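The values are calculated or read from the model by the stated rules, or taken from the named source; none is laboratory data. All values reported here derive from a predicted model rather than from experimental measurement. With ideal geometry, Cβ positions are generated from the backbone for all residues, glycine too; neighbour counts draw on all protein chains shown. Quick note on the areas: whole protein, heavy atoms, side chains included, nothing else; ligands and nucleic acids left out. Shrake-Rupley method; radii C 1.70, N 1.55, O 1.52, S 1.80 Å.
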Amino acid sequence: MTSSHTLTGEEPEHLTPAGHRQAQVDPLAARRAPGDPPWDVYLTGTVFLDIIFTGLDSAPVRGTESWARGMGSSPGGVANMASALARLGLRTSLAAAFGDDHYGEYCWDALEQGEGIDLTPSRTVPGWHSPVTVSMAYEGERTMVSHGHEPPPEEPAPDCPPRARAAVASLTPGRRAPWIAQAAREGTRIFADVGWDETGAWDLAGLPDLEHCEAFLPNAEEAKRYTGADCPRLAAHALTEYVPVAVVTLGSEGAYAVDRRTGEAAEVPAIAVQALDPTGAGDVFVAGFVTGSLAGWPLADRLAFAGLTAALSVQEFGGSLSAPGWSEIGAWWRRVQSLPGQDPMALRRYAFLDGLVPRELDRPWPLRRAVPTIGFRRST
């Protein structure tokens, strides 16, 4: 089991001078071979336009007007996960419906042109407007309000997913998603999270697609409710009766994971950072864990990397465009090693980054971030 020692992070704006270049890193380079699937990860789901307000002193009060000190807009929903995966160097394919309004055009362009995500399985739906979520961040928490019409009746054929090394699925209690079984039969490794069970049943039998999954990544409260355990670590062990790898996120305490196949168990504390906006942090965590899993890293390294990417993401606005790239990860690693007073045990926990982070930069850096409004002309 890993050490409980922790590190103090640093806000990325102190580390990303304008005009630098963002490094291209392929974490799976050593594992690629002829005949591999064309995609590393496949996802399907709903893309939202996220509008995020930060810097609120408290939750909005009925009958009053609140002013936010910060605001950003970016693609949200499944776009959070897709962007996080792509920024970590994974070849990512997304099946989603996009509205034919300006919001939909912006989201499509941001994902395809800005992030290099394959949208071949996606489509634009005439007459359907993009779903929108307004997120308000305050006191380390967030409140969200969403609006959207019923999804189009013909989704982008998720029952015939493209060949991919892995897929990330969000399980829905009481419902099967046919594409999950189809992908698993083709050899795709399925990583799954789950939302809050509005039915209150909290019955693992109500997650029938769990049988096709390699890893399940609930948060602590979800894990305890599904297993009846009073401790999230015990809940993780109980979940391995249903899925080979169980990862339970512990909020400010970090994360705990168990791999039934190898007998490994690991716990990594959260990295201390000043959070601006937690939107999408859970998606970034999953993306980091998937990356390490496909690269074949030890369980503790996968868990530490997932926590690091999530910690870096909360220091930026929004979900999809807050995800870190490899140059930001490298900048963080070099920075924490230079700070006085860091715990040597904690530094050793992240020593695996030495062989991963780039020394040269060859992409624009910093990466695209959420902007206060959309539709500005790009400067040339």
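Within segment 24-40, can you find the residues that are hydrophobic (A, V, I, L, M, F, W, C), touching a strand residue (DSSP E or B) at 6+ places or on another chain (Cβ under 9 Å) and assigned to a loop (DSSP other than H, G, I, E, B)?
LEU28
If you go through segment 314-329 one residue at a time, how many are part of a helix (DSSP H, G or I) and modelled with pLDDT of 90 or more?
Result for segment 314-329: 2.
Are any of the residues in segment 195-210 of a type in the set (S, T, N, Q), surrounded by fewer than 20 Cβ atoms within 10 Å (Cβ to Cβ) and on the phi < 0 side of the Ramachandran plot?
Yes, because at least one residue in segment 195-210 is of a type in the set (S, T, N, Q), surrounded by fewer than 20 Cβ atoms within 10 Å (Cβ to Cβ) and on the phi < 0 side of the Ramachandran plot.
Out of the residues in segment 295-304 meeting the condition of being among the hydrophobic types (A, V, I, L, M, F, W, C) and open to solvent by 10 Å² or more (accessible area, probe 1.4 Å), tell me which one is nearest to ALA323 (Cα to Cα).
Across segment 295-304, the extreme among qualifying residues is ALA295.
Tell me whether segment 43-65 contains one or more residues that are open to solvent by less than 70 Å² (accessible area, probe 1.4 Å), part of a loop (DSSP other than H, G, I, E, B) and within 30 Å of ALA181 (Cβ to Cβ).
There is at least one residue in segment 43-65 that is open to solvent by less than 70 Å² (accessible area, probe 1.4 Å), part of a loop (DSSP other than H, G, I, E, B) and within 30 Å of ALA181 (Cβ to Cβ).
Taking into account only those residues within segment 94-121 that are in a loop (DSSP other than H, G, I, E, B) and farther than 24 Å from ALA169 by Cα, which is least open to solvent (accessible area, probe 1.4 Å)?
Only one residue tops the list, namely ASP101.
Can you tell me which residue is most open to solvent (accessible area, probe 1.4 Å) among those in segment 211-256 that are β-branched (Val, Ile, Thr) and closer than 13 Å to VAL194 by Cα? I'd like the intermediate steps shown before the answer.
Step one: filter segment 211-256 for residues β-branched (Val, Ile, Thr), giving 227, 240, 243, 245, 247-249.
Applying the additional criterion that residues be closer than 13 Å to VAL194 by Cα yields 247-249.
Numbers: VAL247: 0, VAL248: 0, THR249: 36 Å².
Filtering segment 211-256 for residues that are β-branched (Val, Ile, Thr) and closer than 13 Å to VAL194 by Cα, the one most open to solvent (accessible area, probe 1.4 Å) comes out as THR249.
Does THR262 meet the test of being among the polar types (S, T, N, Q) and at pLDDT 95 or above?
No: the conditions fail for THR262.
For segment 76-93, does any single residue satisfy the condition of being open to solvent by 10 Å² or more (accessible area, probe 1.4 Å), assigned to a strand (DSSP E or B) and touching a residue at least 24 places away in the same chain (Cβ under 8 Å)?
Yes: segment 76-93 contains one or more residues that are open to solvent by 10 Å² or more (accessible area, probe 1.4 Å), assigned to a strand (DSSP E or B) and touching a residue at least 24 places away in the same chain (Cβ under 8 Å).
Do we find that ALA137 is in a strand (DSSP E or B), open to solvent by less than 40 Å² (accessible area, probe 1.4 Å) and at pLDDT below 90 in this structure?
In short, yes.
Quick check: anything in segment 122-129 surrounded by 14 or more Cβ atoms within 10 Å (Cβ to Cβ) and under 30 Å from LEU294 (Cβ atoms)?
Yes, there is a match, as at least one residue in segment 122-129 is surrounded by 14 or more Cβ atoms within 10 Å (Cβ to Cβ) and under 30 Å from LEU294 (Cβ atoms).
Residue under question is ALA177, and the condition is that it be out of contact with any Phe, Trp or Tyr (no Cβ under 9 Å at 6 or more places or on another chain), under 30 Å from ARG32 (Cα atoms) and open to solvent by 10 Å² or more (accessible area, probe 1.4 Å); does it hold? Talk me through it step by step, then tell me what you get.
Numbers: out of contact with any Phe, Trp or Tyr (no Cβ under 9 Å at 6 or more places or on another chain): yes; under 30 Å from ARG32 (Cα atoms): yes; open to solvent by 10 Å² or more (accessible area, probe 1.4 Å): yes.
So ALA177 passes the test.
Looking at (1) at pLDDT 90 or above; (2) buried (at least 24 other Cβ atoms within 10 Å of the Cβ); (3) within 24 Å of MET136 (Cα to Cα), which is the only condition ALA311 fails?
That leaves (2) as the condition not met.
Name every residue in segment 180-189 that is open to solvent by less than 40 Å² (accessible area, probe 1.4 Å) and either out of contact with any Asp or Glu (no Cβ under 6 Å at 6 or more places or on another chain) or over 14 Å from ALA215 (Cα atoms) (or both), in order of residue number.
Across segment 180-189, the qualifying residues are ALA181, ALA183, ALA184, THR188.
Taking the condition open to solvent by 40 Å² or more (accessible area, probe 1.4 Å) and β-branched (Val, Ile, Thr), does VAL145 pass?
The answer is yes for VAL145.
With the checklist (1) closer than 20 Å to GLY280 by Cα; (2) among the hydroxyl-bearing types (Ser, Thr, Tyr); (3) more than 19 Å from the chain's Cα centre (by Cα); (4) modelled with pLDDT under 90 in hand, flag the one item SER146 doesn't pass.
(4)
What number of residues within segment 334-353 are part of a helix (DSSP H, G or I), open to solvent by 10 Å² or more (accessible area, probe 1.4 Å) and either among the charged types (D, E, K, R) or in contact (Cβ under 8 Å) with a residue 24 or more places away in the chain (or both)?
Residues in segment 334-353 being part of a helix (DSSP H, G or I), open to solvent by 10 Å² or more (accessible area, probe 1.4 Å) and either among the charged types (D, E, K, R) or in contact (Cβ under 8 Å) with a residue 24 or more places away in the chain (or both): 7 in total.
Filter segment 45-84 down to the residues that are closer than 16 Å to TYR103 by Cβ and of a type in the set (Gly, Ala, Ser) and list them by number.
Hits for segment 45-84 are GLY72, SER73, SER74, GLY76, GLY77, ALA79.
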